[in-house]
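The values are calculated or read from the model by the stated rules, or taken from the named source; none is laboratory data. Every value quoted in this text rests on a predicted model; they were computed, and no experiment measured them. For neighbour counting, all protein chains shown are included, and Cβ atoms are generated from backbone atoms with ideal geometry for every residue, glycine included.
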Amino acid sequence: MALDLLVSVLTAAAWMSAGVAAAARRPRTAAALFAVALVASLARVWSVLALAGAGWWFVQEKITVALPLLVAAGAAATALAGPRLLRAARRADAASREAVKAPAVAVPLLGAGYAATAGIVQTFLIGYPADPGTALLLLAVAAGAVLGTWRAMSTHVPGLRTATAVTAVAAVLGGTLVFVPSGETTAEGSATGGTAAMAATGSGTGSHEHHSASEGSASLMGAETRPVTDLRGPAAPPPGGAVRRFELTARTATVTLSSGRKVPAWTFNGQVPGPPLTAVQGDLVEVRLRNADITSGVTLHWHGYDVPSGEDGVPGLTQEAVPPGGEFVYRFVAAQVGTYWYHTHEVSDLGVRMGLYGTLVVTPKGTAAEGLDLTLPVHTLGGVTVTGDRDQPLVRQAAPGTPVRLRLINTDNTPHRFTLAGTPYRLVAVDGTDLNGPGTLGRVGLRLAAGGRYDLAFTMPSDPVLLRVDDRTDSVRITPESGPPGDGAAAAKGAGASATADSAADSGAVPAADGQTAGWPELDLTRYGAPAPTPFTSRSRFDRNFTLVLDRGFALTNGRPAYAHTVNGAAFPDIPTEVVREGDLVRLTVVNRGRETHPWHLHGHRVLVLSRDGRSVTGSPLWLDTFDVQPGQVWEVAFRAANPGLWMNHCHNLSHADLGMMLHLAYEGVTTPFHGAHSG
Ligand code: C2O
Ligand code: CU
């Protein structure tokens with residue numbers, strides 16, 4: 001993609017400067033640049049065709065619009081200007097200098113430059129997919145530029161009026177096609193009504209690729225429906241489970257980091273991160289959320305936890321945001337073991353950045369916790385990286401032989417790279433799910449997607465162990481403690497109870513661990529661990545196939561025009577809802593055509609990774625709730641639709657979500673009484 005971009009810029013620049021050189025009476029320079037432009041144009045054809053090998057999504061607008069335009073304009077320029085230019089360049093006398101200045105030479109060269117530029121503009125401003133309207137509009141703009149140039153260079157342009165009129169008509173037609181939304185988009189996208197009657201009924205069989213909520217609501221009558229507000233957790237735990245009650249009050253506060261630095265923040269109970277929530281598998285988690293003074297409102301979303309839809313905390317979809325003075329009680333059974341987190345979902349980009357998040361850890365039933373177990377949410381707060389509530393290294397002691405588990409959580413908008421030095425270790429769980437047969441790791445970097453979690457496990461050696469974030473700071477330092485391992489484990493547990501009482505230990509000895517980690521290669525998760533049977537594979541028969549092409553482009557999002565982060569050319573709430581029926585096997589293909597990473601996150605379900613860039617997973621099965629779709633990547637994932645409700649499906653770079661990169665996944669027959677168009 002980068003190479004194609006480079007070639008496209010070179011092509012446009014070469015045609016343009018050939019035209020400028022001709023107009024400036026430089027036949028030799030113009031001829032040389034013309035030759036460069038020809039070669040660059042051929043290279044462009046090649047680079048687009050090469051890119052096509054990665055998938056049609058990457059070249060759709062290039063093959064249908066940009067390339068034909070470039071080839072046509074380049075051929076015209078060659079035919080019209082080429083012979084004269086070469087003749088003039090050979091002679092290079094005063095007469096030939098005047099000859100190349102003629103509009104008949106300069107204008108076709110510049111025209112090819114405009115055409116090449118139009119292709120670049122299209123890729124940047126409009127992106128995927130190109131439609132007839134945008135193609136027409138681009139063509140009109142390029143033609144208009146040619147006419148304008150011609151007019152500026154010559155007093156007589158034959159047929160100027162007619163040509164201008166045709167161009168104007170093309171522009172108006174193109175603009176109408178682009179900016180006046182089609183019937184379907186209007187129905188779904190009217191931001192106020194929006195997806196209010198988000199409901200889908202038994203009408204959905206056949207092709208499911210582009211169902212929209214409006215289609216669903218149209219056939220709502222008579223079908224059996226359920227409001228999402230009925231899909232709530234139980235009032236009591238299953239037999240043998242306890243009730244874990246927590247109270248979280250959202251309020252603004254100034255938090256003091258470990259260095260003494262003060263940061264204005266949005267907090268739960270006055271702290272960032274919010275109180276750590278823990279439970280044992282089978283418990284009922286009950287969280288009473290109160291809002292003291294967050295004027296925009298708050299909710300709680302259980303990231304990666306497949307709660308009933310009515311507990312999912314999506315404002316405008318599963319509940320109203322809790323206003324100042326209000327409250328909401330969440331209840332769900334702690335069925336999944338592992339490392340998760342919670343965060344507000346109302347104006348979540350700002351809210352989470354400001355501190356409205358915390359950790360959720362569920363441990364297996366019947367296994368007493370042993371050793372040192374640290375939950376380490378990494379966040380950028382007030383411009384500094386904090387691990388938990390510390391902007392300085394967290395120092396812990398553990399006796400050699402003690403089992404240690406580090407639960408890494410990325411609560412930021414962008415990926416973080418972790419390295420662990422000083423001990424061999426295993427990456428035992430990803431996004432809360434244990435890996436199968438994870439091997440021993442050493443000098444590797446672990447790239448953790450925004451929103452994702454990694455659990456690392458090792459046995460405490462007799463030397464210090466260092467965890468680094470982004471190869472910079474030592475964020476956690478675990479030093480060996482003298483004494484028999486038994487005592488060490490007990491002491492470590494004791495230390496676990498007072499998470500912030502360790503500043504005095506900050507000046508630990510410099511560890512023997514390697515100083516440089518930046519050069520360590522990145523672990524390829526799709527090849528780590530051992531394969532195991534999965535309930536479905538890429539050869540399964542899927543009931544639904546959805547493709548999401550991620551890009552940037554101008555689009556309406558929440559009623560305002562923006563340079564949006566788009567999905568299939570549209571931005572929230574105009575992206576058609578994906579409709580599934582309970583029990584469906586669903587395949588989701590996510591393609592990143594853009595230049596930024598998109599950590600894709602589906603609520604309410606874990607997805608099994610089938611392939612990345614066409615290569616199957618050869619290591620442990622990977623069940624993820626957040627997967628990092630890097631520029632140029634294509635991820636194929638699948639899930640069983642077994643958690644009825646209305647779910648967000650969005651980029652977890654929350655500033656991208658805010659700029660349109662989110663949509664809904666709806667189960668047939670589930671409705672929302674809320675407005676549906678705003679989902680935080
Ligand atoms: Cu952590 Cu909708 O996300
Ligand atoms: Cu994104």
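Descriptive notes on the structure:
- Any pair with Cβ under 8 angstrom, 6 or more apart, that starts in the range 71-100 at a residue that is touching a residue at least 60 places away in the same chain (Cβ under 8 Å) and part of a helix (DSSP H, G or I) and ends at one that is crowded, with 18+ Cβ neighbours inside 10 Å and among the polar types (S, T, N, Q): Ala88/Ser96; Ala89/Ser96
- Strands (runs of 3 or more DSSP E) within the range 237-309 that include 2 or more residues at negative phi and either at pLDDT below 95 or away from ligand 1 (no atom under 16 Å from the Cβ) (or both): 243-256, 262-268, 277-280, 284-291
Conditions (1) basic (Lys, Arg); (2) assigned to a loop (DSSP other than H, G, I, E, B); (3) touching a Pro at 6+ places or on another chain (Cβ under 7 Å), marked per residue:
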position: Val395; (1), (2), (3): no, no, no
position: Arg407; (1), (2), (3): yes, no, no
position: Thr423; (1), (2), (3): no, yes, yes
position: Ala429; (1), (2), (3): no, no, no
position: Arg447; (1), (2), (3): yes, no, yes
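- Lone unmet requirement of (1) at pLDDT below 50; (2) closer than 27 Å to Phe554 by Cα; (3) in contact with a Gly (Cβ under 9 Å, 6 or more places away or on another chain); (4) hydroxyl-bearing (Ser, Thr, Tyr) for Thr185: (3)
- Single unsatisfied condition, Thr433 versus (1) over 27 Å from the mean Cα position of the chain (by Cα); (2) polar (S, T, N, Q); (3) crowded, with 18+ Cβ neighbours inside 10 Å: (1)
- Taking each residue of the range 516-527 that is over 10 Å from Arg443 (Cα atoms) and looking for partners that are of a type in the set (A, V, I, L, M) and assigned to a loop (DSSP other than H, G, I, E, B) with beta-carbon atoms closer than 8 Å, six or more apart or interchain, yields Leu525/Leu622; Thr526/Val617; Thr526/Leu622; Arg527/Val617.
- Residue in the range 590-598 that is within 14 Å of ligand 2 (Cβ to nearest atom), surrounded by fewer than 23 Cβ atoms within 10 Å (Cβ to Cβ) and of a type in the set (Ser, Thr, Tyr) present: yes
- Counting residues in the range 650-670 that are surrounded by fewer than 22 Cβ atoms within 10 Å (Cβ to Cβ) and away from ligand 2 (no atom under 16 Å from the Cβ) gives one or more.
- Selection count where residues are away from ligand 1 (no atom under 16 Å from the Cβ) and of a type in the set (Val, Ile, Thr), scope the range 614-660: 4
- The range 526-553, subset more than 16 Å from ligand 2 (Cβ to nearest atom) and under 18 Å from the mean Cα position of the chain (by Cα), residue surrounded by the fewest Cβ atoms within 10 Å (Cβ to Cβ): Thr547
- Matching residues, the range 361-386, being under 26 Å from the mean Cα position of the chain (by Cα), in contact (Cβ under 8 Å) with a residue 40 or more places away in the chain and farther than 16 Å from Thr267 by Cα: Val361, Thr375, Leu376, Val384, Thr385
- Restricting the range 630-649 to residues that are in contact (Cβ under 8 Å) with a residue 60 or more places away in the chain, within 15 Å of ligand 2 (Cβ to nearest atom) and surrounded by fewer than 22 Cβ atoms within 10 Å (Cβ to Cβ), the residue that is farthest from the chain's Cα centre (by Cα): Gly632
- Among the residues of the range 310-336, the ones that are part of a loop (DSSP other than H, G, I, E, B) and either surrounded by 22 or more Cβ atoms within 10 Å (Cβ to Cβ) or in the same structural domain as His675 (by TED's automatic domain parsing) (or both) come to 8 in all.
- Residue match in the range 40-51 (condition: of a type in the set (Lys, Arg) and in contact with a Leu (Cβ under 7 Å, 6 or more places away or on another chain)): yes
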